[in-house]
């Protein structure tokens, strides 16, 4: 197995120069740097983690807290973006287990200390993925600890903490405006739990459009459920029993896909009998030809990681709001007046 001394001899440079390349110091000639990197690759050399940590005072490990099920279409792509981007910076990702209840997103934060767990594992920073706004005070100690932290979909900031979120309100506005442009005025909503920030922003966007066109959010047609096919299916079954029911449904992809299944099981056709628009544009939406608001999950993970690197490296940083775009497929029809 090659050592740092072997790499230095092969590259005809000093050991300290190799060390400076490993630790990404800017004062090494680019040609020399690339030469050393090539020799390291050819000899399958990777610096000893402990030695590297001692020389840089970094563990090159990022912790990630997730209070919900990782087997989730949305999270999978976000985590791919996180893993790839952190890997480019020479970091590994450490997944922290977290106290959970049986239902998704109902995390309590009780009997759990983010700071102690992060300090115990000596991570250089952490990413908080999938938390809600309930019991928001549980993050106070973490923010005050000055551990570099990035929240995904929770708007919290601090001296060494920031967040990334998609423009959920604007996405909802696009979706409802689209349905109204097709002649739909009776629109049902399948949204996530009320304490989740993206849900709050999406509902806000819906209300703004409804108000603009003199419509109201009908309570009977508004469902706050978990992000599951089962809850979407169950909610749609209830809607189908109503005498006065919506001609179109807008909501998060997973619930909407469950609702489409319920409609089809009841003998209805999509979009001939009822139209659907989703939010997230997860992979499964392609198979249902679901018109959906696209938020780039991979980019969310990528940008969250880049934001965390800025905080760790003590560079200037700001919260990030990612734009969304509308993907039109065949799940909606024009409603003749």
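The table below lists the values:
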read-out: Conditions (1) touching a residue at least 40 places away in the same chain (Cβ under 8 Å); (2) assigned by TED's automatic domain parsing to the domain that holds residue 78; (3) buried (at least 23 other Cβ atoms within 10 Å of the Cβ); number of the one not met by residue 192; value: (2)
read-out: Filter result (surrounded by fewer than 20 Cβ atoms within 10 Å (Cβ to Cβ) and either within 19 Å of residue 320 (Cβ to Cβ) or in contact with a strand residue (DSSP E or B) (Cβ under 6 Å, 6 or more places away or on another chain) (or both)) within the range 170-183; value: 170, 174
read-out: Test: residue 236 is crowded, with 24+ Cβ neighbours inside 10 Å and in a helix (DSSP H, G or I); value: yes
read-out: Residue 145 vs. criteria in contact with a helix residue (DSSP H, G or I) (Cβ under 6 Å, 6 or more places away or on another chain) and either on the phi < 0 side of the Ramachandran plot or at pLDDT below 90 (or both); value: yes
read-out: From 204, 166, 162, residue being out of contact with any strand residue (DSSP E or B) (no Cβ under 9 Å at 6 or more places or on another chain), in contact (Cβ under 8 Å) with a residue 24 or more places away in the chain and either surrounded by fewer than 16 Cβ atoms within 10 Å (Cβ to Cβ) or more than 21 Å from residue 245 (Cα to Cα) (or both); value: 204
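A quick yes/no check of all residues on (1) in the same structural domain as residue 143 (by TED's automatic domain parsing); (2) at pLDDT below 90; (3) within 23 Å of residue 165 (Cβ to Cβ); (4) surrounded by 13 or more Cβ atoms within 10 Å (Cβ to Cβ):
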| site | (1), (2), (3), (4) |
| --- | --- |
| 33 | no, yes, no, yes |
| 40 | no, yes, no, yes |
| 47 | no, yes, no, yes |
| 68 | yes, yes, yes, yes |
| 74 | yes, yes, yes, yes |
| 77 | yes, no, yes, yes |
| 82 | yes, no, yes, yes |
| 99 | yes, yes, no, no |
| 126 | yes, no, yes, yes |
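The values are calculated or read from the model by the stated rules, or taken from the named source; none is laboratory data. Predicted, not measured: the structure shown is a model, and the values here were computed from it. No Cβ is skipped: glycine too gets one built from the backbone with ideal geometry, and neighbour counts run over all protein chains shown.
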